[in-house]
Amino acid sequence: MNRNVSIIIGLTLSLGLLLSCGSKPNPELEEAYQKAATKFVADESFYPILDEELFYFNSQRLDTIGVQYINEQDAVKRLMKLETWLAFTTRQFTAKEKKSLEDRQYLPRAIAIAYDGLAIIVNNANADTCITVNDFARILKGEVTKWGDIYPKSKLGTIDVVFDNPLSSTVRWCVDSILDGKEFTNPNIGAVKTSAAVIDYVERHENALGIIGSNWLNDKRDTTNVTFKKNITVMGVSKMKTAETYNSWKPYQYYLYNGNYPLIRTIYALLNDPRPSGVPTAFAHFCQLPRGQKVILRSGLLPRTANMNVREVIVNRK
């Protein structure tokens, strides 16, 4: 037998967790694979889109899969421990993580499925609805702690910053992308447990500023994805030195598409399924196929591979 062919076959046997030692099946390997294949894990901020993806995926298959929503750090840890074969995050594998899995003869891959906008929300009583990226960074750094430090006319007092979870993708993205890897130094930054709890907190506290994934914002009664929830205000974010209405953008699909909205992150399916025909692999690919991308489109996010049709509409207000 050709030596190269032998190497390929040997690698396939290892990666596929084939249940044989000679011709005898290995029930322990099969049990370990199936246990990790029954559920994927995902950062809690992706709940609205992934639950819908899962509904359509499972409705057309006999071999279904479940999900557990946790924070991003724990999701990646479970993937590295082989407790699951699939995790949804807003980052790719690090070089160290990829090497660790490859050294164990796996083939880790990161599949981009969508683009999400990181939304900044405030209470409806807050008259200031635009903010610059620079001022947002200053808040996270603790350089400004009061609304009046940014908006001289504001009477709201201390800026009460709230995240969904201390270990979430939202926190990590802000640290990596806004603060260049440096930790928060603002003493007024806190976290609840979920994205829904962030919305509830901001709704009840006039001085609050919340940070959540934009897929939590859409009013499901509006199929055009241009209406956000009414119980909070979504801030416009500007790349300029001064935030004005005309140069600040909200995380609508089109502004994610054309790059106007500055706080954009990629959603990845981190896949380490050793079986090419496994259910975790099938679900990850379903999310990037036309039907899965249509779910993402309806959610208000920007699909990774779907074709986008943009039309100009003139509204007659007479």
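The values are calculated or read from the model by the stated rules, or taken from the named source; none is laboratory data. Because the structure is predicted, anything quoted here is derived from the model rather than measured. FYI the Cβ positions are ideal-geometry reconstructions off the backbone, even for glycines, and counts take in every protein chain you see. Heavy atoms of the whole protein, side chains included, go into the accessibility calculation; ligands, DNA and RNA do not. Shrake-Rupley method; radii C 1.70, N 1.55, O 1.52, S 1.80 Å.
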For the stretch 83-126, the fraction of alpha-carbon pairs in successive 5 Å shells from zero, as %: 5, 15, 21, 18, 10, 8, 7, 6, 5, 3, 2, 0
Can you give me the distance in nm between label points at N231 and A32, each placed 7 Å from the Cα along the Cα-to-Cβ direction? 4.6
What pairs in K39/K182; K81/K182; K141/K294; K81/K239 have C-alpha atoms more than 31 Å from each other? K39/K182; K141/K294; K81/K239
For K77 and H205, extending 7 Å from Cα along the Cα-Cβ vector and measuring point to point gives, in nm, a value of 2.6
Peptides ranked, highest mean first, by Cβ atoms within 10 Å: ranges 291-298, 185-192: 291-298, 185-192
Between the stretch 88-103 and the stretch 121-154, what is the C-alpha centre distance in whole Å? 36
Out of residues 5 or more away from C130 or on other chains, whose amide H comes under 5 Å of its own, with H placed 1.01 Å from N in the peptide plane? G236
Expressed in nm to one decimal, what extension gain is obtained for the pair N124 and K99 from 0.36 nm per residue of sequence separation less their Cα-Cα distance? 4.2 nm
Share of carbon and sulfur in the accessible heavy-atom surface of the stretch 87-207 [1.4 Å probe, %]: 49
Would you mind checking the stretch 127-163 for residues with the amide N under 18 Å from a putative spin-label position 7 Å along Cα→C-beta of Y246? 129-132
Would you mind getting me the FRET efficiency between H285 and A196? Use the beta-carbon distance for r and R0 = 25 Å, nearest 0.05. 0.30
At what distance in angstrom do the alpha carbon centres of the stretch 196-212 and the stretch 241-297 lie from each other? 24
